[in-house]
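The values are calculated or read from the model by the stated rules, or taken from the named source; none is laboratory data. Only a predicted model underlies this, so the values are computations on that prediction, with no experimental measurement involved. Note that we place each Cβ from the backbone using ideal geometry, even for glycine, and neighbour counts take in every protein chain shown. To get the accessible areas, we keep the full protein, side chains included, count just its heavy atoms, and leave off ligands, DNA and RNA. Shrake-Rupley method; radii C 1.70, N 1.55, O 1.52, S 1.80 Å.
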Amino acid sequence: MKLVIGNKNYSSWSFRPWIAMKALGIAFEEILIPFGTPLGNPDFRARLAAYTPAGLVPVLIDGEVHVWETLAIMEYLAEKFSGSGFWPADAKVRAHARAISSEMHAGFSALRGECPMNIRRPLGERAISDAARANVTRIEEIWSGCRATYGGPFLFGRFSAADAMYAPVVARLNTYGIKVGRKARTYMETMMALPGWAEWRKGALAETWIVPEDEADWPTVLTA
Amino acid sequence: MKLVIGNRNYSSWSFRPWIAMKVAAISFDEEVISLYVEGSREKILKHSPGGKVPILIDGDTQVWESLAILEYLADKFPNAGFWPADRQARAHARAISTEMHAGFAALREECTMNFWRPPAKRALSAPAQANVARVQEIWTGARAKYGAGGPFLFGKFSAADAMYAPVVQRFVAYDIDVSAPAKAYMQAVIALPAFQEWRRAALRETWVIPKFEYDWPEVKRLPAEAA
């Protein structure tokens, strides 16, 4: 299996299946295609087209099967590796995990727009809009609700696809110094202690490509 | 099982699991909540912490988000055909369903779902036009590769068709020009008895949401008898 991803520094969507497969011990070959600039440039598209007709990263390639969209990739992996714990085993709990994963997949646009994932950006507080603050409140409610119900340390006890869906949000909240409660912070620390997290971060910090669209202070690029 | 939905005329997210369950002949109760009026948020929060419709309630299980509801139903009714049986087709169906779930923001914003609007063209931005092109590419691509067994995206009706059903109505309401294969697909969806049942109920609704009426304060609407 191959996973085609974009820049590790910026590609929140790529990060999700990547960290899920790492955390759940699924072997894969990684193919990184830098976004280039501007986003969606013909060169990026041409390089990606060699692997997939979908035109989006991430893409999972398993023989004849091409799967794009992070959540669809999770579902594909959950079926193929049914004993690996992508989703919780209990039907009711699994429904909860899928609901919050879908909520992440389609939502929280204010937070995502104002705080693009940017692993190399030095940690520092950034003011956010009321809409983004409401997103953070809802995210904290989701995290603490899950961890209280299922016991932690991850959202559903053991690591699952739901944690992978929220991994980029953990990075955003951390990078931009967004104030969260102690419980949310504990969850973030748990996520950031994953070996897969450190590996992705190391890769991101080694990158030198700049994507202006994802630099919140463009044309200033904050670096450590 | 109970499905909590919003206004039939406008709630595209509600339409998806509703039509999927109707086509799959799964019986369910429904509760309709008038959206964007005083008290509607509280009514929704009684059922789901997400604060959004639709919500599926099955005993003590609550599922929100249309895609998560479809996955729940696919798990519970494995033989109902929510997803295609073939592994590759199923992966494709989930990919395009997820693409719909999170994407096409410009089209959704500029062409809100509206059943009672008399079909009329509306100027679209370049991003919305790109969305229209991609939707057609998805439809014709799936039909060409997997659609041999019937008129739907994967031949037989599946959750992927349910995910795109609101887009079919958007294309109708805003009279969007589409290719002949896309038109044929839309006609297959519109011809579903479930589509017509939802449409009839939508045309009888009286709740108006100003922000979804582009001619506000005028509300152009087809008469209920038109259905």
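Matching residues to (1) modelled with pLDDT under 95; (2) under 30 Å from B:Ala130 (Cβ atoms); (3) not hydrophobic (A, V, I, L, M, F, W, C):
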residue: B:Met1; (1), (2), (3): no, no, no
residue: B:Asn7; (1), (2), (3): no, yes, yes
residue: B:Ile19; (1), (2), (3): no, yes, no
residue: B:Lys22; (1), (2), (3): no, no, yes
residue: B:Ala25; (1), (2), (3): no, no, no
residue: B:Val32; (1), (2), (3): no, no, no
residue: B:Cys111; (1), (2), (3): no, yes, no
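To keep it simple, each residue is scored yes or no on (1) assigned to a loop (DSSP other than H, G, I, E, B); (2) over 18 Å from the mean Cα position of the chain (by Cα).
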site	(1), (2)
A:Ala132	no, no
A:Asn135	no, no
A:Gly152	yes, yes
A:Gly157	no, yes
A:Tyr166	no, no
A:Asn174	no, no
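Test of understanding: among A:Tyr187, A:Tyr150, which residue is at pLDDT 95 or above and either of a type outside the set (Phe, Trp, Tyr) or open to solvent by less than 50 Å² (accessible area, probe 1.4 Å) (or both)? Steps first, answer last, please.
Values: A:Tyr150 fails: either of a type outside the set (Phe, Trp, Tyr) or open to solvent by less than 50 Å² (accessible area, probe 1.4 Å) (or both).
Result of the check over A:Tyr187, A:Tyr150: A:Tyr187.
Kindly provide the set of residues from the range A:78-95 that are in contact with a helix residue (DSSP H, G or I) (Cβ under 9 Å, 6 or more places away or on another chain), within 8 Å of chain B (Cβ to nearest Cβ) and open to solvent by 30 Å² or more (accessible area, probe 1.4 Å), ordered by number.
Residues satisfying the conditions are A:Glu79, A:Ala91, A:Arg94.
Out of curiosity, is A:Leu155 away from chain B (no Cβ under 11 Å), touching a Cys at 6+ places or on another chain (Cβ under 6 Å) and crowded, with 19+ Cβ neighbours inside 10 Å? Lay out the reasoning, then the answer.
Values: away from chain B (no Cβ under 11 Å): yes; touching a Cys at 6+ places or on another chain (Cβ under 6 Å): yes; crowded, with 19+ Cβ neighbours inside 10 Å: yes.
For A:Leu155, the condition - away from chain B (no Cβ under 11 Å), touching a Cys at 6+ places or on another chain (Cβ under 6 Å) and crowded, with 19+ Cβ neighbours inside 10 Å - is met.
Name the single residue, out of those in the range B:128-144 being within 11 Å of chain A (Cβ to nearest Cβ) and in contact (Cβ under 8 Å) with a residue 24 or more places away in the chain, that is farthest from A:Pro58 (Cα to Cα).
First pass over the range B:128-144, keeping only residues within 11 Å of chain A (Cβ to nearest Cβ): B:130, B:134, B:137-138, B:141.
Among the residues that remain, those that are also in contact (Cβ under 8 Å) with a residue 24 or more places away in the chain are: B:130, B:134, B:138.
Details: B:Ala130: 20, B:Arg134: 18, B:Ile138: 18 Å.
Taking the candidates together, the pick is B:Ala130.
When you scan the range B:15-25, how many residues do you find that are within 18 Å of B:Ile190 (Cβ to Cβ) and open to solvent by less than 10 Å² (accessible area, probe 1.4 Å)? Explain how you work it out, then say what you get.
Of the residues in the range B:15-25, the ones within 18 Å of B:Ile190 (Cβ to Cβ) are B:15-16, B:18-20, B:22-23.
Of the ones still in play, those that are also open to solvent by less than 10 Å² (accessible area, probe 1.4 Å) are B:15-16, B:18-20.
Total satisfying the criteria: 5.
Considering the range A:96-125 alone, what residues qualify as being open to solvent by less than 40 Å² (accessible area, probe 1.4 Å), more than 11 Å from every other protein chain (Cβ to nearest Cβ) and part of a helix (DSSP H, G or I)?
A:Ala110, A:Leu111
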